[in-house]
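Taking it in order: structure first as structure tokens, then the write-up.
The values are calculated or read from the model by the stated rules, or taken from the named source; none is laboratory data. Computed from a prediction, not measured in an experiment: that's the story for all the values here. No Cβ is skipped: glycine too gets one built from the backbone with ideal geometry, and neighbour counts run over all protein chains shown. Keep in mind that these areas ignore ligands, DNA and RNA; they rest on the heavy atoms of the full protein, side chains included. Shrake-Rupley method; radii C 1.70, N 1.55, O 1.52, S 1.80 Å.
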Amino acid sequence: GALASAGLAQATTGEQIFTAGGCAGCHTFQPAGSTGNIGPDLDDLASAAGDMPPEEFVRQSILDPDAEVAQGFSAGVMPSFEGRLNDEQVQALVDYLLGE
């Protein structure tokens, strides 16, 4: 809702963006203490990226989640954050998810 959108707009660190974006509700990610299983586990994104550079893979997954859907998961479930996060927020989230 509007409150979540306001929190997301104010979030600046990767951890804040992960929380405000509701990522923990669907994804397992140990640094955040999240154990969601609706979406893929985010603990080893470098391996999940395959031949794609990990940073590019994670950025694409945030902005265009249906471009490459993880095996065993359905397209159309994860919302796109295109237009909901600015470039700095996307980079902060990518860095957080990759442990940088």
Inset, instruction - Among residues belonging to region 77-100 that are assigned to a helix (DSSP H, G or I) and in contact (Cβ under 8 Å) with a residue 40 or more places away in the chain, point out the one that is most open to solvent (accessible area, probe 1.4 Å). - result: 88
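Per-residue answers, yes or no, for (1) among the β-branched types (Val, Ile, Thr); (2) under 10 Å from the mean Cα position of the chain (by Cα):
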position: 56; (1), (2): no, no
position: 62; (1), (2): yes, yes
position: 68; (1), (2): no, no
position: 71; (1), (2): no, no
position: 77; (1), (2): yes, no
position: 81; (1), (2): no, yes
position: 88; (1), (2): no, no
position: 91; (1), (2): no, no
position: 95; (1), (2): no, no
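I'd like the full set of residues that are in contact with a helix residue (DSSP H, G or I) (Cβ under 8 Å, 6 or more places away or on another chain) and within 22 Å of residue 79 (Cβ to Cβ), limited to region 40-51. Please lay out each step first, then the result.
Step one: filter region 40-51 for residues in contact with a helix residue (DSSP H, G or I) (Cβ under 8 Å, 6 or more places away or on another chain), giving 40, 42-43, 45-46, 48-50.
Within region 40-51, 40, 42, 43, 45, 48, 49 meet the criteria.
Inspect all residues belonging to region 40-47 and state whether any of them is open to solvent by 70 Å² or more (accessible area, probe 1.4 Å) and touching a strand residue (DSSP E or B) at 6+ places or on another chain (Cβ under 7 Å).
Filtering region 40-47 down to residues open to solvent by 70 Å² or more (accessible area, probe 1.4 Å) leaves 41, 44, 47.
If we keep only those that are touching a strand residue (DSSP E or B) at 6+ places or on another chain (Cβ under 7 Å) as well, we get 41.
Yes, that holds for at least one residue.
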Inset, instruction - Answer yes or no as to whether residue 58 is open to solvent by less than 70 Å² (accessible area, probe 1.4 Å) and without any contact (Cβ under 8 Å) to a residue 12 or more places away in the chain. - result: no
